[in-house]
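Notes to accompany the following structure.
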Amino acid sequence: MAAGFKTAEPLEYHRSFLKENCRPDGRELGEFRTTTLNIGSISTADGSSLVKIGNTTVICGIKGELASPPADAPNKGYIVPNVDLPPLCSSRFRPGPPGEQAQAASQFVADVIESSGVIQREDLCIEKGKLCWVLYCDIMCLDYDGNLLDACLIALLAALKHVWLPEVTISKDTDLAEVNTDKKQHLSIAKHPISSSFAVFDDSIVIVDPTAEEESLSTAMMTVVTDEEDRLCTLHKPGGTSLSGEKLQDCISRAVTRNREVSKLINTVMHSVKPQNSIQQLPLLGTLARSSCVLTRVWEAVEREMVEHSKPQGSSARDLFDKL
């Protein structure tokens with residue numbers, strides 16, 4: 001009966017819960033879904049992370065490339081974010097060029113990077129007017145269930161904190177870039193912007209961390225971005241019904257609290273990551289793989305030897321192998 005009511009009248013179904021100050025998934029109006037974070041998810045990237053907020057899953061991979069600085073800012077590098085919403089994450093998205101929501105999300109992330117100063121672009125410059133870093137930040141949604149922007153920002157910030165870039169210098173003799181992969185260093189993260197998204201129902205009821213269904217039924221959406229100093233970085237509200245000053249201030253206060261919680265989560269996960277161990281594991285795994293191949297080839301040679309020649313009485317493949 002409840003399932004039929006939800007299908008026939010989804011808005012009324014949600015209203016019946018909102019009247020009791022709760023939501024269909026059991027959360028209170030101001031309660032966020034469980035947030036999980038994994039850092040170093042992509043071994044081929046310079047920095048990466050995977051974030052889950054409820055069912056919404058986003059992965060971010062950052063790759064650094066060398067380029068010439070822009071002519072109008074010869075002492076700065078580039079940060080190029082891109083949000084991808086493939087059909088894999090939801091049936092509402094179609095293959096082909098980026099849709100409107102993906103483009104809006106990419107622009108939102110770019111605006112937050114600029115307004116918050118998460119990274120000083122001057123830090124990406126290697127030599128003024130000659131060489132700089134370009135950070136390509138590819139953010140892909142693997143499972144879409146609302147609150148995309150929050151997940152994208154958390155994934156981006158965690159991936160940026162995980163980035164290791166090699167030391168690069170310009171040779172005085174050849175005037176070419178020389179990359180020293182033995183010396184790597186982290187990016188300098190200046191600010192920690194975290195967003196909190198809200199949905200408005202019936203022009204008056206405000207809920208946090210909306211699901212995809214709640215977003216589709218809401219009369220307005222709003223995302224508030226704050227940093228670790230409780231400074232308001234961005235307020236993103238793409239149309240919809242207006243909010244009173246009191247409710248707006250309440251949303252900002254909730255965003256400040258959320259920033260502290262997420263920052264603590266990121267720092268906890270970062271401290272548990274030991275880059276030196278990850279680096280040491282690579283040659284070890286390669287050595288094990290090569291040893292396995294050698295053992296296989298030796299064993300095959302022993303088997304061929306036994307087939308080509310008469311097998312001695314009482315001997316076995318293991319006996320011949322031991323003699324080798």
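Taking segment 91-120 as the range and being surrounded by 14 or more Cβ atoms within 10 Å (Cβ to Cβ) and polar (S, T, N, Q) as the test, the residues that pass are Q101, Q103, S106, S115, S116, Q120.
Candidates in segment 108-132 are the residues that are more than 16 Å from the chain's Cα centre (by Cα) and farther than 19 Å from L165 by Cα; of these, the one that is modelled with the highest pLDDT is D111. Would you confirm, using the coordinates I've provided, whether I189 is in a loop (DSSP other than H, G, I, E, B) and either open to solvent by less than 30 Å² (accessible area, probe 1.4 Å) or of a type in the set (V, I, T) (or both)? Yes, satisfied. Taken over segment 128-158, the criterion of being in contact with a strand residue (DSSP E or B) (Cβ under 7 Å, 6 or more places away or on another chain) and part of a loop (DSSP other than H, G, I, E, B) is satisfied by K130, Y144, D145, G146, N147.
Table: residues versus (1) over 22 Å from S41 (Cα atoms); (2) in contact (Cβ under 8 Å) with a residue 40 or more places away in the chain; (3) assigned to a strand (DSSP E or B).
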| position | (1), (2), (3) |
| --- | --- |
| L160 | no, yes, no |
| S196 | yes, yes, yes |
| I207 | yes, yes, yes |
| M221 | yes, no, yes |
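Restricting attention to segment 229-250, does a residue exist that is open to solvent by less than 10 Å² (accessible area, probe 1.4 Å) and touching a residue at least 24 places away in the same chain (Cβ under 8 Å)? Checked segment 229-250: no residue is open to solvent by less than 10 Å² (accessible area, probe 1.4 Å) and touching a residue at least 24 places away in the same chain (Cβ under 8 Å).
Just one of (1) of a type in the set (A, V, I, L, M, F, W, C); (2) part of a helix (DSSP H, G or I); (3) farther than 17 Å from S197 by Cα fails for L88. It is (2). For segment 41-56, the criterion of being open to solvent by 60 Å² or more (accessible area, probe 1.4 Å), modelled with pLDDT under 95 and of a type in the set (A, V, I, L, M, F, W, C) is met by none of the residues.
Among the residues making up segment 9-40, those that are assigned to a strand (DSSP E or B) and open to solvent by less than 50 Å² (accessible area, probe 1.4 Å) are C22, T35, L37, I39. Within segment 53-82, the set of residues being farther than 14 Å from L135 by Cα and in contact with a Leu (Cβ under 8 Å, 6 or more places away or on another chain) comprises T56, T57, V58, I59.
The values are calculated or read from the model by the stated rules, or taken from the named source; none is laboratory data. Nothing here was measured: the structure is a model prediction, and the numbers come from that model. For neighbour counting, all protein chains shown are included, and Cβ atoms are generated from backbone atoms with ideal geometry for every residue, glycine included. SASA here: full protein model, heavy atoms, side chains in, ligands and nucleic acids out. Shrake-Rupley method; radii C 1.70, N 1.55, O 1.52, S 1.80 Å.
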